[in-house]
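See below for the structure under consideration.
The values are calculated or read from the model by the stated rules, or taken from the named source; none is laboratory data. Every value quoted in this text rests on a predicted model; they were computed, and no experiment measured them. Here Cβ is always computed from backbone atoms with ideal geometry, including for glycine, and neighbour counts include all displayed protein chains. For accessibility, only protein heavy atoms count, side chains too; no ligands or nucleic acids. Shrake-Rupley method; radii C 1.70, N 1.55, O 1.52, S 1.80 Å.
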Amino acid sequence: MGGGFGGVGAVTMLRRAGYDDVTVFERAERVGGVWHHNTYPGAACDVPSHLYEFSFAPNPRWSRRFAPQREIQAYLEDVARRHGVLERIRTGTEVTDARWDGERGTWVLQTSAGPHEADVLVTACGQLSVPTLPPIPGLDRFEGPSFHTARWRHEVELAGQRVAVVGSGCSAIQVVPAIQPIVEHIDIYQRSPGWTIPKMDYAYSERAQRLFERFPVLQRLDRAAIFAFMELGAAAMTGKRWLLPPARALARRQITKAIDDPELRAKVTPADEVGCKRLMLTDEWYPTLTKPNVELVVDRIAEVTATGVRTEDGVERRADVLVLATGFKSHGFVAPMAIEGADGRTLAQEWAQVARAYLGMSVPGFPNLFLLYGPNTNGGTGSVIYTIEAGMGHVIAALDELARVDARAIEVRPEAADAFDRELRAALAGTVWHSGCTNWYVDENGNDPNQWPWLWSTYRRRTARIEPGTYELSTS
């Protein structure tokens, strides 16, 4: 379920492992997932291109160090076409619920195109697929165009308009510099600032692309260097917090180099530890904030009016267009589907307190179900595609185990899942994400169902095989 990087990667890796009877359901009209939906101006990846690609499908022709949205979408469609995914995917088809039939050892799916049955169910829905709309009074009263960055309305003309952008996170730092040169004025409503570090993006020359194409080892070496750097970042945010001061110094330098105004500097300088919120990569954000047609507003929003935004200090700022750069619902994982397991309980009920899964993939009571990019498989650094490939390695190991003993179902043992969860929570407590800031990783009860508290090489190692005694196999 899902036709983004997870779904395309799953089909390709399954076929390469000899599992060819695969069907993919994607509710959108084409593959792409987050890169199909997020087409806002300036949309690009914040992971270098040579790591933000499948290891089995390197692309020597990326135009930039950090690929823009259109190239990533084209790359994913090309991989799907070349690896036989397109003929196995049902686009425009939404799965509404899935139920485990224990008597037959089958998952029964209800889709917008009718029922479907499967022996094994893999969810590849992504963690950031459902936009969050902020609970701001009056949003429905605004008379001009209003939309979320993930649902960008390209027919809305921004040239010469006054634009209000709610949010100053990852999408805002890309959108605002892209539209600032053409609009009359931008008001950015910031709830709290986040740390940034230089992105150091640049275009690959034709010569560089030809070299990557002719000598693939160069691209592999670059990928390895990027991964090593990101593993250092992961170490800094998890068990090696003493590595953070250099990153903090670099982040502060980026602010002071671009901004002379002490008041604006104060507005954009976070009080929390670097990395506690998502660390953002940008070369353009701070210089854009100094432009004469840009204002950063830190007073809280009281309400949206018919013609603008009023803050709690009583000031109303006129706006012709309202852009919500307010992120995504991050704790759903399979939303909005209902998935019912062996005892009649749904995943929503199982996760009523917090989403938990062994290695982010398997839940007791839900046989033959695997979650790609599930709970606690996010991170402050790293590439989700690396995570997906590691996860699919675990799925294939489980399928091989089913075939080896001619079993019908495989299910993680509750004691194994509980032991992993205790280990995970203990490790998370010492990470930077629990150092005191408010972030989207940690919920209002202090639970963190998102982050992986170790290195990503550790994730690949732990998912590479089925540990003895971890899973129970059923032959009847």
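Residue check: residue 48 meets all listed conditions (1) crowded, with 21+ Cβ neighbours inside 10 Å; (2) out of contact with any strand residue (DSSP E or B) (no Cβ under 9 Å at 6 or more places or on another chain); (3) under 30 Å from residue 369 (Cα atoms); (4) touching a residue at least 40 places away in the same chain (Cβ under 8 Å) but one, namely (3).
Okay, residues lined up against (1) among the acidic types (Asp, Glu); (2) over 27 Å from residue 112 (Cα atoms); (3) in a loop (DSSP other than H, G, I, E, B):
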position	(1), (2), (3)
3	no, no, yes
19	no, no, yes
22	no, no, yes
30	no, no, yes
42	no, yes, yes
53	yes, yes, yes
56	no, yes, yes
59	no, yes, yes
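Residues that are of a type in the set (Phe, Trp, Tyr), out of contact with any Ser or Thr (no Cβ under 9 Å at 6 or more places or on another chain) and open to solvent by less than 30 Å² (accessible area, probe 1.4 Å) within region 1-40 comprise 5, 35, listed in sequence order. In the set (1) within 21 Å of the chain's Cα centre (by Cα); (2) buried (at least 18 other Cβ atoms within 10 Å of the Cβ), the condition left unmet by residue 74 is number (2). Mind listing whichever residues of region 255-294 are free of Cβ contacts under 8 Å to residues at least 40 places away in the same chain and hydroxyl-bearing (Ser, Thr, Tyr)? Scanning region 255-294 gives 256, 290. Run down 390, 348, 403, 398 and say which single residue is farther than 18 Å from residue 466 by Cα and assigned to a helix (DSSP H, G or I). Being farther than 18 Å from residue 466 by Cα and assigned to a helix (DSSP H, G or I) holds for just one of 390, 348, 403, 398, which is 348. Residues considered: 197, 182. Of these, the only one that is at pLDDT 95 or above, among the hydrophobic types (A, V, I, L, M, F, W, C), in contact with a strand residue (DSSP E or B) (Cβ under 7 Å, 6 or more places away or on another chain) and open to solvent by 20 Å² or more (accessible area, probe 1.4 Å) is 197. Would you check if there is a residue in region 312-322 being in a loop (DSSP other than H, G, I, E, B) and in contact (Cβ under 8 Å) with a residue 40 or more places away in the chain? Yes. Looking only at residues in region 117-145 that are in a strand (DSSP E or B) and in contact (Cβ under 8 Å) with a residue 60 or more places away in the chain, the one that is nearest to the chain's Cα centre (by Cα) is 131. Of all residues being within 16 Å of residue 278 (Cα to Cα) and surrounded by fewer than 19 Cβ atoms within 10 Å (Cβ to Cβ) in region 233-243, which is modelled with the highest pLDDT? Just the residue, please. So, considering only residues that are within 16 Å of residue 278 (Cα to Cα) and surrounded by fewer than 19 Cβ atoms within 10 Å (Cβ to Cβ), the one modelled with the highest pLDDT is 235.
Listed by first and then second residue, the pairs with beta-carbon distance under 9 Å, at least 6 apart or on different chains, first residue in region 205-234 and in contact (Cβ under 8 Å) with a residue 40 or more places away in the chain and closer than 16 Å to residue 65 by Cβ, second small (Gly, Ala, Ser) and assigned to a helix (DSSP H, G or I), are 227/457. One residue stands out among those in region 146-168 that are open to solvent by 30 Å² or more (accessible area, probe 1.4 Å) and either assigned to a helix (DSSP H, G or I) or in contact with a Lys or Arg (Cβ under 7 Å, 6 or more places away or on another chain) (or both): the one that is modelled with the lowest pLDDT, which is 151. If you go through region 386-408 and keep only what is among the small types (Gly, Ala, Ser), touching a residue at least 12 places away in the same chain (Cβ under 8 Å) and open to solvent by 10 Å² or more (accessible area, probe 1.4 Å), you end up with 393, 397, 407.
If you go through region 435-476 and keep only what is under 22 Å from the mean Cα position of the chain (by Cα) and without any contact (Cβ under 8 Å) to a residue 24 or more places away in the chain, you end up with 442, 444, 446, 458, 461. For region 225-238, state whether one or more residues are assigned to a loop (DSSP other than H, G, I, E, B) and touching a helix residue (DSSP H, G or I) at 6+ places or on another chain (Cβ under 9 Å). Yes: region 225-238 contains one or more residues that are assigned to a loop (DSSP other than H, G, I, E, B) and touching a helix residue (DSSP H, G or I) at 6+ places or on another chain (Cβ under 9 Å).
Within region 249-265, if we keep just the residues that are open to solvent by 70 Å² or more (accessible area, probe 1.4 Å) and outside any loop (DSSP other than H, G, I, E, B), the residue that is nearest to residue 46 (Cα to Cα) turns out to be 250.
Taking first residues from region 15-27 that are polar (S, T, N, Q) and partners that are open to solvent by 60 Å² or more (accessible area, probe 1.4 Å) and assigned to a strand (DSSP E or B), the Cβ contacts under 7 Å between residues at least 6 apart in sequence or on separate chains come to 23/90. When the residues of region 118-175 are filtered to those that are touching a strand residue (DSSP E or B) at 6+ places or on another chain (Cβ under 8 Å) and of a type in the set (Phe, Trp, Tyr), the one that is nearest to residue 103 (Cα to Cα) is 147.
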